[in-house]
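Here's the structure we're looking at; comments come further down.
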Amino acid sequence: MIAPVVSLKGRDFIDLADLNRKELREVLDLGQKIKAGAWSERPLLGRHLAMLFQKPSHRTRVSFEVGIARLGGSTTTLSENDVQLGVRESISDAARVLDRYVDGVVARLRSHDDMVALAKASAKPVINGLTDRSHPCQVLADLMTLEEVAGNLAGQHLVYVGDGNNIATSLIEASALTGLALTVISPSGYQPPAAVIERARSIDSGTHTVTVTDEFTNLNNATAIYTDVWTSMGQEPEQESRRKAFMRYQVNQAVMDRAPDAVFMHCLPAHRGEEVTDEVIDGPRSVVFQQAGNRLYAQMALLAEMFGE
Ligand code: CP
Ligand code: NVA
């Protein structure tokens, strides 16, 4: 049974699977309408959001700031040195203070557990702008992009090559919500945790297939090959060991040649020469800037659903 659409108002958006299939459909449809110029309301008029960043950001910060402004709202962006969550004051104290000033919070935090704690302590909606475990706003934009490229997501085949962390987790949830078949190719020791796959299996679609492997396999029918950095923000001390572990997992022209119909996807920023070659990311099948552009529309749709009248 497909769960009904429940209003997103007052709810948090911590993981993609916080949405049910219909809610996700609504967000993606509204995102396309906004992109097409067919919807230009200002549901955030008079609303103010705080943005908390414990890690650097380009796309997330700018696309949220621009999107909120276009919807009529305003923002205060706070960097690592401002609030100093858990250092200068506890997460719970910071949340209870922000509640008194703002209508919602977009946060990029190192730890997913801290994100959950922030959302729990905050009376206002919290949107996850990336943690170590998930990046749902990115994957909203990725799904928009895949639909632009290939149409109906159900039955398409996405191959993700790389670390089984935040992007992979959100793609696994996307697969469960949309029926997109997903193959995750990661070296042993860097594969997505079994609990993530188990949780996705319990999501309401029941139609997805997720295959996790350490071999480059199953590429020929791929709709898209997606990769992400080998060393995520905060993992820099592990860079050398990660380079060694992931060396075989570069998406280069030879890999793309094995997937003749696939587009190339990357959440960016890219570490060119590591997980992807210039030839591929700058090549004719790359849709990475389309993905980045869609962050704006996907998030505007999400915000309109969460904060609009
Ligand atoms: N893809 C993404 O979230 O980019 P930023 O880290 O620049 O925000
Ligand atoms: N896995 C990357 C994603 C960046 C958008 C990181 O966490 O740094």
Dividing the Cα convex hull volume of segment 1-91 by residue count, how many Å³ per residue is that? 133
Lys35: which aspartates and glutamates have alpha carbons under 18 Å from its alpha carbon, excluding same-chain residues fewer than 8 sequence positions away? Glu26, Glu65, Asp142, Glu147, Glu148, Glu305
Can you tell me which of Leu44, Leu78, Leu182 moves the most in a GNM of the chain? Springs connect C-alpha atoms under 10 Å apart. Leu78
Could you list the residues of segment 122-140 with an amide nitrogen less than 17 Å from a label point located 7 Å from the Cα of Ser92 in the Cα-to-C-beta direction? 122-124
Report the residue, chosen from Glu198, Glu147, Glu26, that carries the largest GNM mean-square fluctuation when the chain is represented by alpha-carbon nodes joined by springs under 10 Å. Glu198
How high is the relative contact order of the chain, in percent, counting Cα pairs under 8 Å that sit 6 or more residues apart? 22
Val66 neighbourhood, Cβ < 11 Å, K/R = +1, D/E = -1, net charge +3
Hey, got the dipole for the chain? About the Cα centre, +1 on K and R Cβ, -1 on D and E Cβ, debye to the nearest 20? 560
Once you've got the GNM for the chain with C-alpha springs shorter than 10 Å, pick whichever of Gln250, Gln235, Gln299 has the biggest mean-square fluctuation. Gln235
Per-pair calculated FRET efficiency, R0 = 22 Å: Val149 and Asn220 via Cβ, rounded to 0.05: 0.80
For the charge dipole of segment 24-166, defined by +1 on Lys and Arg C-beta atoms and -1 on Asp and Glu C-beta atoms about the Cα centroid, which residue among Gly151, Leu28, Ala95 has the Cα displaced farthest towards the positive pole? Ala95
Could you work out the relative contact order of segment 72-155? I mean the mean sequence separation of Cα pairs under 8 Å and 6+ apart, divided by the number of residues, in percent. 22
Neighbourhood charge, 13 Å Cβ-Cβ cut-off, centred on Val263 and excluding it, Lys, Arg +1 and Asp, Glu -1: -3
What dipole magnitude, in Debye to the nearest 20, does segment 236-291 give about its Cα centre under +1 on Lys/Arg Cβ and -1 on Asp/Glu Cβ? 160
From the Cα trace of the chain, what convex hull volume per residue do you get, rounded to a whole Å³? 124
Tell me the volume per residue, in Å³, of the convex hull enclosing the alpha carbons of segment 184-256. 121
Debye log10 I(q)/I(0) at q = 0.11, 0.12, 0.16 Å⁻¹ for segment 96-252, Cα point scatterers: -0.48, -0.56, -0.94
Can you give me the angle between helix 112-121 and the longest principal axis of the chain, using Cα atoms only, in degrees from 0 to 90, rounded to the nearest 10? 20
Radius 15 Å from Cβ of Leu8, net charge of other residues (Lys, Arg +1; Asp, Glu -1): -2
Just want to confirm a number: the relative contact order over segment 1-110, from Cα pairs under 8 angstrom separated by 6+ residues, in percent. 29
Which translational diffusion coefficient, to the nearest whole µm²/s, is obtained for segment 192-309 from the Stokes-Einstein equation, given a Kirkwood hydrodynamic radius over C-alpha pairs, 25 °C and 0.890 mPa s? 148
Dipole of the chain, positive direction: furthest Cα of Ser170, Ser241, Pro260, with charges on the beta-carbon: Ser170
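Since every read-out is calculated from the coordinates, none of them should be taken as a lab result. Here the structure is a predicted model, which is why all the values come from computation and not from measurement. Cβ atoms come from the backbone with ideal geometry, glycine included; neighbour counts cover every protein chain shown.
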